[in-house]
Structures are given as C-alpha cells and as structure tokens.
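Here the structure is laid out as structure tokens; the discussion comes afterwards.
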Amino acid sequence: MTTTVATVTEETDSPYALSHLDALESEAVHIFREVAGEFERPVILFSGGKDSIVMLHLALKAFAPAAIPFSLLHVDTGHNFPEVLEYRDRVVAEHGLRLHVASVQEYIDAGKLRERPDGTRNPLQTVPLTEKIQSEKFDAVFGGGRRDEEKARAKERVFSLRDEFSQWDPRRQRPELWQLYNGRHAPGEHVRVFPLSNWTELDVWQYIDREGIELPQIYFAHERDVFRRSGMWLTAGEWGGPKDDETVEKRLVRYRTVGDMSCTGAVDSDATTLDAVITEIAASRLTERGATRADDKMSEAAMEDRKREGYF
Amino acid sequence: MTSTTEPDKAQPLSAEQLSATTLLRFATAGSVDDGKSTLVGRLLHDSKSVLTDQLEAVERASASRGAEAPDLALLTDGLRAEREQGITIDVAYRYFATPQRRFILADTPGHVQYTRNMVTGASTADLAVVLVDARNGVIEQTRRHAAVAALLRVPHVVLAVNKMDLVDFEETVFAKIAEEFTAYASELGVPEITAIPISALAGDNVVEPSSNMDWYGGPTVLEHLETVPVSHDLTSCHARLPVQYVIRPQTAEHPDYRGYAGQIAAGTFRVGESVTVLPSGKTSKIAGIDLLGTPVDVAWTPQSVTLLLESDIDIARGDLIVPSGDQPGTSQDLTATVCHVADTALSVGQRVLLKHTTRTVKAIVKEIPSRLTLDDLSQHPEPGQLVANDIGRVVIRTAEPIAVDSYAASRRTGSFLLIDPADGTTLAAGMAGDAFAEAVETVEEAKKAADDEGWDF
C-alpha cells in the first residue's frame, strides 16, 4: 500500500461555495465600503480603461441604491483616445458624478513639465497626479492596479500608504492581515487603495461579460490607421507619430489596455464581441502589458521605480 | 463560441466554464534553500500561467547576470532589493488557474526574521504548503512553519517533501519525514495534513504524477490543490455581520431606505430571523437582504450584503449584527496570542489602538504573560515586551466593550490588529482565545480522521 497520509476527500465543495467571480466581487465591495467608512475624501482614479470601469461598476453596486460617495479623478495625458474621453464624459453625466481632471498638457504649457525625447507621456503623469491629490486633499485614492500585471505590483498591498510626496517604499509596507485593512495616515499622507488587487486580466473580462458592462469601442476589433514602432502598432495622430521612416497602414486591431496613445500598442485581432475577446485572452501567450506597453520595457524595474515616485 | 478547427489541446475554455470555478487561497512556506521558488515556478510554469514575455524577461535578466539557465526565482522576486540580494523579503501574491479552480498564492519568504510574512500569508489562506528538503527532513524551521499554520488555524496543511531525486526517490525517507511531521502538526491541532513526495526541479508529483515513485498512490500537489474543499458547512457556524457602512440614499425614490452594509464574516443570515446588535444589545428582525442590489432570502459568508431591519434602531459602523440567542460575549478584557509584526517593541503598559472587524477602539497592554518559542513550543514567562516576529500571549484592556469570538470559532471575528496611535503602524496581529487547539480536540480529530478512507499509514 501507499505510505501517503493524504486525505483527499471525494466530497464536492459545499453549496455555500462562491464562484471565484462572486468571491472577488464581494472582496472588492468590502474594500470600497471600508474606505467609505474610514476616510474623509476618497477619489477613484478613472481613465476610461476597463479596470477603472469595473471599479466604478463595483462602487455603484457597493452603495446601491444610494449614490457613490466618491468623486472621480482622471489624469489626462493630452494624448488620450477620443473614444475614451467621450466614454468618460458620458459615464460621469449618466451617474451624476463629479470629475476632477489633472492635465499633463497644462503642466507642459506652463513649463512645469518637459516633453521627453521619446515622446511618451506616461511617466509625466506622476507630477500632475500627486499635486492634484495634495491640492484637493484626497486621503484615499482608488486605483485599478492588479497584482497580476507586473512583478512589482505583485508586492503591492490593498491599502498602500504613501507619504506626503506620494512615494511608495516597498520595504516599509504594513503587513496586511486577514481583511483588516489599516488606513491610518498622518495629515498630508494618503492611502492608495486597490480593490482589484486579486483580479487577473481574465477575471476582469469575465466580470465585464457577466455584468454586461459597456466598454469604449477600442477594446474590440476595428480598422485603424497604425504604424510600427518598437514592435508595437501605435495609432497615428497629432501626438507625434508616424515619423518620416514609419509608414501608416490600415489594420484590424484592438486594444488590451487603454493608456497614453504614445506608448499603448494595439494587437492584431478579429475579436469583435466579448466572447471572442475572452477566448483570445484565454489563449494568449503574452501578458497584457508585455503585449502593449512600451513604458514597462524601459528597464527591469521600470514599474517599481515609477511607483516609488508616486505613479499608480 | 470557440473555433472547431483548433486542436483539442489549445481549445480555450468557454466563459461559462471559466466563471463556474471556485477560488482557493493558499500560502507556501519553506526554508531558504528548500526549493520554494522552484516549486512556485514549476506550478506556474506547468499550469501554463507563465506567459512568453514573462519568461523572456526572466531569460534576459538571467543572461545579463551571467547565468546559464533561466532562474525561475526571478519570476517571483519582484523588487530590486530582492533581486540584488537573491532572497525574497516580502509576501507576493501570484495568480494561476486550471479548469477546476482559480488560485491565489501568497508566496511567503522563509527567512527566520520574516515570520511575520508567513503570518500575513497564512491569515487569509485556506491551505498552507510547507516545504522540506528530503535530505534534511523535519528541521526547526519546519516546526516553526507548522506552528504558524496551526496558530493561524489554516484548515489544510500540505507537507511537500522536496528533492526526492536526491534521496533516490526512497519511500522510507519520505515515510519517516511524513510520520514525524504529522505527529508534530497533529499535536498542534492542525486538522488535516497531506504529505506529498516531490521533486520541484524535475516536476515529479507537482503537476504530473512521478514515474520515479510508483510506491506513492496519492495526488500530485496540483491535484490536491484542485480538489481540497474550500468551504465548510456554514450552517453550524455562528452568524456574524460587522456593520461597515450605513446606506441611506435619502432620495425621492428611496426616502426611508436604511441599510446596514457589510461582508458576512461567518455563517448565514435569513430574512425573518431575529437579530441582536452588539454592543448595544438592541434587537430586531431582518426585513430584507440586498445582495449588491438584488433582494435575496438568505446570504452567507463571505458575501457582501446590506441588511434591512424591521425596526428603526440606532446602528453605526463598528456594530456587530448577530442572531439573537447566538451572541459572543462582550468584554473590555481580552486574552489573546499576538504575532508582533513591527520593528518597534510592544511593551506592558503601552497604549494602542485595537482594530477588530470594523471597529477601532483605544486599548492598553495590561500584561504579556509569556512569549512562545516556536522551535520547541516552550513558553518564556513575563518577557516584558515583544519584538519583531515574536509570538506571545497578551492581556489587553479596551476602552469600550467589544464583541470578540475566539479565533478557533471564527478567524474573522476572532482576529484583530494592534495599531500605534502615534503613526498608524500596524504593531501586532492578534488571535483571541487559546493559541493552539486543545489536546482533547486533537485526539478527537485524529480519531475521526483515522476513520476516513484516505488515512493509510
């Protein structure tokens, strides 16, 4: 006979077991309500991307039938996809929300930020973001960051304390035990809160499908003028592409992430429906950031370094 | 939906298949060179959860360090300092999935000075994997991991006896280690122990059954993770709802709506049930339950819900709603075991904040009767203070009465944090009641378990 001391039970999970999506939803709602209960001025970072759209949906469910007790904050790089801005404004109006905008373009125009030689504006978001947090005295800032996105994010707490300069110190994080989130902070400090910490890209898409959440159309396959740069399909536009040696072509593409046009690449795809998108992602051999984000490829610790400075 | 031209193996799962799966949270623990990173890397890799660009990044980084083969530890060591020092300094969370289940893995460092990290990982885990090196057997560190799992009441413990290839896949080596560990862990009250002989490096019994160990008839690590029951029978649990937030829309559509929002910490609640609100002791009946906007008749842990009560009584964040007749005691004196997680010490007489469920109250550390030595479970009396990574008994006096269950009865309503009121630092993780399961329980558990088919020594 065997010498195993295993007790593999044949019994199935109890009828009280939640599906993984229900478990993730319940956890995220708990996080939203904790923040509502403990903070004075929380805000949701809202980019019009799928993660922030799911956050907004969860917040609506968490406080139903009352309104969401938070406002929204968009860091506008000046190079956003028009479809996404249109979506943002429509959602804000539909739910009667208050939207704050921190504008990278305004900082550049005022001479407070300088355009980078590579043209990407993603790292430039940090200063307008952190200054807006200070000037509006936000004490809790919801972000749609997921731990599956990147290895530095895998180390992020759900409640992540930032100092008065919005800095993240990965070596001095508070241990996070059970579901007892510690949101205490000194005046000037704030807490970044990540309700989707335990979600994966696939979870987000499945949830969007299950809940019937509307998304900006750029997430679905469509014909678009794009050109090749650093192995990615970028959208041609006034932001600075294509250069003389880059040629524009019409391709059937879609986006896996939504960010600044200068560093967010499209993927070749014929997925025009949610089912098709889910099938495509389940079979993909690339992570979403690996497939479409130039800024994470800058160095091995690019995300960690930006997060230390206050990036979300 | 899915294309029929694709070969079976590449056939992705349908959305329906994917969303019907359950979630298992588990933690890994092992000493520095037991091969924990390799096991984690193997689980991620063999379950096809490592994607091409991640593997390429690891290959690039490994090559730039002059390594010949890709170092899978780089997949999991995410911080600069970790990569520079080649050690894991903090808990990281990993995600992977099989058609049966989704997994959240708390990857906890094995270093002695990071006991607090294993406590962090174990606090939310349904299962803990304790890794040992087959050549070394059960060592001090193994006993420490078992003790932490027992202390945190992790329901399932897996002993993964690694590096079986280095002991010629000998059954007797495995059997001896499994027996020694099981005896020790059972004594601590660990309810269920599964021992699996593996070689993480070669992949034996991690995802695929090993042809090198025909004598082993049990599951692989992944099979076990996929089949271990995650939820227990909740009908016998004490129902608990800590009130997080009061929802009052005060709109024309909902002028009188007053809902008590929270995540059910334990048990089930039903419409029509009589409930008592603690600490006030006022009673009412459940008039309705909203499950995120949808009315339901019954709800259970860990669902986030909103309860509507028949009578208009004063309830605020921090109150606990329980079934009338099934109440925890309320008290200002609390005896508990704490794991000290901060760099500054915890001393007798210190004023702290105590966060229990959704309630934070002022408190004072009245006594520290003993400090536990995890290696041999001996008690060091009256240590005066606890420093980082110490585990000790404490007696705490709170400024207001709180309704605390024993941690043995409810991990969620029996746990608490001690917080430094000056700067908000989390000082300690607390568990109310007895530290380890009573010896009598252990005997009963062992008897019950011995009757189960799976037990076969």
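The values are calculated or read from the model by the stated rules, or taken from the named source; none is laboratory data. Note that the coordinates shown come from a computational prediction; the quantities given were computed from them, not determined experimentally. Cβ sites come from the backbone with ideal geometry, for glycine too, and all protein chains shown count toward neighbours. To get the accessible areas, we keep the full protein, side chains included, count just its heavy atoms, and leave off ligands, DNA and RNA. Shrake-Rupley method; radii C 1.70, N 1.55, O 1.52, S 1.80 Å.
Structure notes:
- Residue pairs whose Cβ atoms lie under 6 Å apart, separated by 6 or more positions or on different chains, with the first residue in region A:202-227 and closer than 27 Å to residue B:95 by Cα and the second among the hydroxyl-bearing types (Ser, Thr, Tyr) and surrounded by fewer than 18 Cβ atoms within 10 Å (Cβ to Cβ), are A:220/A:272.
- Selection count where residues are closer than 27 Å to residue A:20 by Cα and surrounded by fewer than 16 Cβ atoms within 10 Å (Cβ to Cβ), scope region A:214-255: 1
- Considering the conditions (1) in contact with an Asp or Glu (Cβ under 9 Å, 6 or more places away or on another chain); (2) facing chain A (nearest Cβ under 10 Å); (3) open to solvent by 20 Å² or more (accessible area, probe 1.4 Å), residue B:287 is excluded by exactly one of them, (2).
- Count of residues meeting criterion [surrounded by 15 or more Cβ atoms within 10 Å (Cβ to Cβ) and touching a helix residue (DSSP H, G or I) at 6+ places or on another chain (Cβ under 6 Å)] in region B:361-379: 1
- Of the residues B:284, B:304, B:280, B:274, the single one that is in contact (Cβ under 8 Å) with a residue 12 or more places away in the chain and within 19 Å of residue A:58 (Cβ to Cβ) is B:304.
Table: residues versus (1) in contact with a helix residue (DSSP H, G or I) (Cβ under 6 Å, 6 or more places away or on another chain); (2) of a type in the set (S, T, N, Q); (3) open to solvent by less than 30 Å² (accessible area, probe 1.4 Å); (4) at pLDDT below 95.
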residue: A:12; (1), (2), (3), (4): no, yes, no, yes
residue: A:18; (1), (2), (3), (4): no, no, yes, yes
residue: A:25; (1), (2), (3), (4): no, no, yes, no
residue: A:72; (1), (2), (3), (4): no, no, yes, no
residue: A:110; (1), (2), (3), (4): no, no, no, yes
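- Residue match in region B:62-81 (condition: modelled with pLDDT under 70, over 26 Å from residue B:132 (Cβ atoms), open to solvent by less than 60 Å² (accessible area, probe 1.4 Å) and not in a helix (DSSP H, G or I)): yes
- Filtered residues of region B:299-318 (kept if over 27 Å from residue B:124 (Cβ atoms) and within 9 Å of chain A (Cβ to nearest Cβ)): none
- Residues in region A:27-62 that are within 22 Å of residue A:215 (Cα to Cα) and facing chain B (nearest Cβ under 8 Å): A:29, A:61, A:62.
- Search result, residues across region B:241-250 that are open to solvent by 10 Å² or more (accessible area, probe 1.4 Å) and either touching a helix residue (DSSP H, G or I) at 6+ places or on another chain (Cβ under 7 Å) or on the phi > 0 side of the Ramachandran plot (or both): B:245, B:250
- Restricting attention to region B:115-168, the residues being assigned to a helix (DSSP H, G or I), in contact with a helix residue (DSSP H, G or I) (Cβ under 8 Å, 6 or more places away or on another chain) and among the charged types (D, E, K, R) number 2.
- The listed residues are A:116, A:153, A:121, and the only one of them that is under 16 Å from residue A:260 (Cβ atoms) and either within 11 Å of another protein chain (Cβ to nearest Cβ) or free of Cβ contacts under 8 Å to residues at least 12 places away in the same chain (or both) turns out to be A:116.
- Top-ranked residue in region B:236-269 [being small (Gly, Ala, Ser) and in a strand (DSSP E or B); ranked as nearest to the other protein chains (Cβ to nearest Cβ)]: B:261
- Boolean, residue B:344 is surrounded by fewer than 21 Cβ atoms within 10 Å (Cβ to Cβ), in contact (Cβ under 8 Å) with a residue 24 or more places away in the chain and within 13 Å of residue B:240 (Cα to Cα): no
- Tally, over region A:225-265, of residues that are of a type in the set (S, T, N, Q) and over 20 Å from residue A:82 (Cα atoms): 2
- Here residue A:174 fits the description: crowded, with 16+ Cβ neighbours inside 10 Å, modelled with pLDDT under 90 and at the interface with chain B (Cβ under 10 Å from one of its Cβ atoms).
- Residue list for region B:380-405, filter: part of a loop (DSSP other than H, G, I, E, B), of a type outside the set (Asp, Glu) and open to solvent by less than 50 Å² (accessible area, probe 1.4 Å): B:383, B:384, B:388, B:389, B:404
- Each residue in region B:190-222 was checked for being facing chain A (nearest Cβ under 7 Å) and part of a loop (DSSP other than H, G, I, E, B), and 5 pass.
Each row is one residue, and each column tells you yes or no for (1) surrounded by fewer than 17 Cβ atoms within 10 Å (Cβ to Cβ); (2) within 25 Å of residue A:19 (Cβ to Cβ).
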position: B:187; (1), (2): yes, no
position: B:200; (1), (2): no, no
position: B:208; (1), (2): yes, no
position: B:211; (1), (2): yes, no
position: B:220; (1), (2): no, yes
position: B:227; (1), (2): no, yes
position: B:252; (1), (2): yes, no
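- Selection status of residue B:356, within 28 Å of residue B:270 (Cα to Cα) and surrounded by 14 or more Cβ atoms within 10 Å (Cβ to Cβ): yes
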